[in-house]
Structures are given as structure tokens and as C-alpha cells.
Amino acid sequence: MKEKNARMIMGFPNQFWIGVVIMIGVFLKIVYDVSAGFELSTHNVGTWTQIVNDIPNSGHIGVIQYYYTYHHLPNFDPTLIVGYSNPPLFYILSALIVQICHVFIGWPIGSVLHCIQCLNAVFVMAGCFIGLGMLGKMGLKGKKYVACLVFVMFFPGFYTLGASLDNTPLAFLFAMLAMSNMVKWYELRTTKCLYKCGIFLGLGMMTSLTALAALVPIVVLYLFARFYDRRSTVKVWAKQGGISLAIALVLGFFYPVRNLIRFGTPIFYIDQETAAWQQVGSYSLWQRIGLPSFQSLTHLHLSEETYYEYNIWGQLFKTSVVDESALNLDFRITHLFAVVLLVLVILFAVLSTVMFVRMMFAGRVGLDHRLFLLSGLVTAVIAYMVTCLTNATVSTMNFRLFPFAVFFLLAGFGLCGKYNEQDGIFEKVTTRIGVAMIIAISVLSAFLFGFYAL
């Protein structure tokens with residue numbers, strides 16, 4: 001009877017609330033994307049204009065136009081034009097969609113690009129569901145599962161990520177598919193899951209090299225399985241793991257290696273921002289990685305004033321809530337709500353971090369999954385810091401670079417405790433506080449993004 005009651009919330013089963021949350025979340029994201037338009041994205045989005053003298057247009061739309069027009073990889077140094085150093089998978093798929101919808105069906109180019117933007121929202125939502133399923137394999141269930149679902153469906157960072165017209169949403173989806181298949185392989189030990197993991201990781205890197213960060217937790221879990229499982233020989237493990245890794249690396253690095261051979265482009269080249277206001281390298285290391293000032297946090301929208309934008313953590317949280325222009329903050333009330341939302345997101349991240357540390361020592365989650373989650377979170381944080389510090393510009397400090405880190409951090413909230421009377425005061429109190437924060441974050445996010453759409 002206790003187990004049955006544990007699956008009920010306000011007299012309804014979890015499945016009912018999961019369905020309600022999904023329907024509301026999907027509806028609001030679609031309304032937001034349809035209302036906002038692809039011009040909302042300001043991350044080198046570019047424009048679709050006539051190509052003059054065979055000089056391609058820059059930005060993500062320019063790269064899509066290039067593949068649509070010429071049907072081959074760039075035959076020039078990709079460092080010369082912004083956008084062309086990115087791996088090609090997203091742009092090839094987008095060019096194919098343009099070919100089908102514009103040429104064969106007759107849609108205007110703007111409508112097709114808007115369709116691609118909405119497809120990105122689908123990629124983000126699919127990645128979120130896959131991430132929750134991955135945590136479910138580790139023990140996430142019951143009311144905490146519903147709470148985590150509410151968070152990812154209304155978290156503002158996934159609104160803005162889904163509304164972008166670039167390669168990050170698809171890379172996020174492939175990274176989540178790769179890690180989910182690795183967790184599934186650990187449970188079933190089927191080579192099919194292992195090879196699918198390699199394929200999805202490779203496709204993620206073919207979309208954006210930020211997906212490479214997912215390789216570390218995947219390798220950690222594979223090596224852990226090898227250390228504790230003596231049923232197969234080292235030769236078999238090395239062969240299966242080597243094949244999966246080779247698939248990922250060949251798919252993921254063929255484009256940057258090609259550019260390195262043909263044009264001398266560095267493997268991890270990032271387009272350089274030349275605008276003076278973008279440069280933040282003159283600030284000290286402590287100013288950049290220390291705590292952000294409250295004044296910078298209340299200055300929400302990106303502006304040409306780097307004294308507000310130099311801190312990597314401040315930018316991470318601000319871009320996860322409002323990005324550059326994702327919300328209408330012209331009214332005092334909406335600006336106030338956005339600041340409150342930002343503070344709540346920061347507090348929830350701190351709480352989840354504390355609960356994550358507790359989970360590492362609580363023993364409820366197995367050592368295998370704890371190592372997977374810990375290595376994933378640490379890798380995502382280090383990768384973000386290295387990217388921001390080695391390319392000291394405002395544009396590199398953005399939530400969109402490593403969105404899958406949310407699920408490692410969310411594991412702290414979702415997997416801390418035992419879901420029963422054995423929970424201590426710490427687990428009970430932090431869970432209630434976390435649920436209250438999630439409800440407040442979701443309500444504010446739904447209001448602000450719904451207000452923008454209207």
C-alpha cells in the first residue's frame with residue numbers, strides 16, 4: 001500500500017502529472033518559437049542574401065545557404081568567414097530541408113528557416129526526455145521524477161536553446177543519446193548499445209565539438225565495468241571499446257582533421273570575435289572565475305559594456321535565463337520577475353550542488369553511477385572554463401555550449417535520499433526546498449516566455 005501511495009500526487013498517479021507537464025511544456029515552447037521567429041537568435045545567426053562573386057555569407061544561415069547552393073564542403077580556409085569552422089552535420093541537414101521545402105514544396109526561405117528553428121526545439125525536448133530516462137535508469141522515480149520533469153520542461157535555458165538557429169540543439173540531442181546508450185549498455189551489456197553510443201557521440205561531434213565532453217563519463221563507466229566484470233577477456237573488451245571509440249572519433253574529427261590538412265586550421269579552432277567590447281582578457285583571473293557582482297546579475301541583457309559581462313559564472317547563469325534578447329524586459333515588472341527568476345536558478349544550482357555532494361557519500365546511488373555523474377559534471381565545468389579562459393570574449397561565455405551539464409547537476413537533487421522514511425532531516429528539508437524552487441522557477445519562466453510570445 002505504501003508503494004501505491006508513493007506513486008500518487010494529489011490523488012492522481014505520476015503518469016497523469018507527467019502527461020500534463022509535457023503537454024503544457026511542449027505547447028508553451030511551440031508558441032514561443034512561432035511567435036519569436038528565428039531572428040531572435042543573435043549568436044552569429046547571419047542572413048540569407050544573394051551570394052555575390054562567389055563570396056559566401058557568414059553566420060549559421062550563411063553556412064546553410066552555402067551547402068544548399070554548392071552541395072559540398074567549403075573549399076576555402078574556414079577561418080576566413082565566421083561559421084564555416086563548425087562541423088557540417090547540422091548545416092547539411094538544414095540545407096536538405098531547404099531543398100525539400102523551398103524547391104519541391106515552394107515555401108519561402110524565411111518559413112523554412114523558421115521551420116528549422118522549431119525543429120531545434122524538438123531536438124531540445126527530445127534530449128531532455130532522454131536525459132530524464134538516463135537518470136531514471138539510475139534510480140530517479142516518483143515525485144522527484146515529476147519535479148525534475150517540471151524543471152527541464154520549464155527551465156528558461158531550454159526555451160532559449162530550442163529557439164536558436166544554430167548547431168547546438170542537435171549536438172545536445174546526440175550527446176544525450178550517446179550517454180543514455182552507455183548507461184543502457186552498462187545495464188544490458190549488449191554490443192548494439194555500445195556501438196550506438198559511439199555512433200551518436202560521433203554524430204554529436206559532427207554537429208559541434210562541444211559534444212566531445214560527453215566522452216569522459218562514457219569512458220569512465222566503460223572502464224569501471226571492465227574493472228569489476230571478469231566475464232569477458234581483456235581482448236574482447238578492448239576490441240568492442242576500440243571499435244566504438246574509433247567510430248566516434250572518425251565521425252567526429254573527420255572535418256577538423258580535413259581542415260587541418262588542407263588549410264592548417266587548428267583542430268579546436270573557434271571563430272574569433274574582433275569587436276573591442278567583446279574582449280575581456282584584460283580582467284584578472286579572479287575577476288573572471290570569482291563570484292559575479294549583484295550589479296552585473298541585474299544587468300540582464302547583453303550590451304557593449306564588458307564591465308557587466310566579464311565573469312564566466314555570471315554570464316553562464318544570465319544566458320541560461322534571458323540569453324541576449326530572449327525576453328521582453330522593457331517593463332519594470334518583467335525585469336523584476338526576470339531578476340527573481342535568475343536568483344532562483346542560481347540558488348537551485350547551489351542547492352543541487354550541495355545535494356550532489358551529499359549523494360556522492362550517501363551510498364544510495366551505486367559507485368558506478370556516481371563516478372559517471374561526477375566525471376560528467378567535472379568535465380562539463382572544466383570544458384566550459386577552459387573555453388572561456390582560452391578564448392576570452394563575451395560570446396564564448398554562454399549556457400548553450402554545455403547544456404547537458406544540467407542533467408548531471410539535476411542528479412544531485414533527484415538522486416539524493418531514499419524516498420522513504422529512512423531519509424534524514426537533510427534529505428527531507430532540501431527536497432522540499434528544491435521542489436518549492438522548481439515550482440517558482442517554472443511559474444515565472446512560463447509567465448515570462450508566455451508574455452514575450454503574446
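The values are calculated or read from the model by the stated rules, or taken from the named source; none is laboratory data. Quick caveat, the model's predicted, so the values are computed rather than measured. Glycine gets a Cβ as well: all are built from the backbone with ideal geometry, and neighbour counts include every protein chain shown.
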- request: Could you check how many residues of region 69-104 are on the phi > 0 side of the Ramachandran plot and either surrounded by fewer than 16 Cβ atoms within 10 Å (Cβ to Cβ) or β-branched (Val, Ile, Thr) (or both)?
  value: 1
query: Of the residues in region 169-199, how many are assigned to a helix (DSSP H, G or I) and either of a type in the set (Val, Ile, Thr) or under 16 Å from residue 137 (Cβ atoms) (or both)?
result: 19
- prompt: Any idea which of 153, 179 is farther than 22 Å from residue 92 by Cβ, touching a Pro at 6+ places or on another chain (Cβ under 7 Å) and either aliphatic (A, V, I, L, M) or buried (at least 24 other Cβ atoms within 10 Å of the Cβ) (or both)?
  reply: 179
Close pairs (6 angstrom Cβ cut-off, 6 or more residues apart or separate chains): within 11 Å of residue 201 (Cβ to Cβ) in region 244-258, of a type in the set (D, E, K, R) and in a helix (DSSP H, G or I) anywhere: none
query: Does residue 426 satisfy the criteria of being at pLDDT below 85 and surrounded by fewer than 17 Cβ atoms within 10 Å (Cβ to Cβ)?
result: yes
message: Quick check on residue 353: is it touching a residue at least 24 places away in the same chain (Cβ under 8 Å), under 24 Å from residue 121 (Cα atoms) and of a type in the set (Val, Ile, Thr)?
response: no
field: Members of region 113-150 found to be more than 19 Å from residue 174 (Cβ to Cβ), free of Cβ contacts under 8 Å to residues at least 60 places away in the same chain and β-branched (Val, Ile, Thr), listed by number
entry: none
query: How about region 358-389: which of its residues are within 18 Å of residue 148 (Cβ to Cβ) and hydrophobic (A, V, I, L, M, F, W, C)?
result: 359, 362, 365, 372, 373, 377, 380
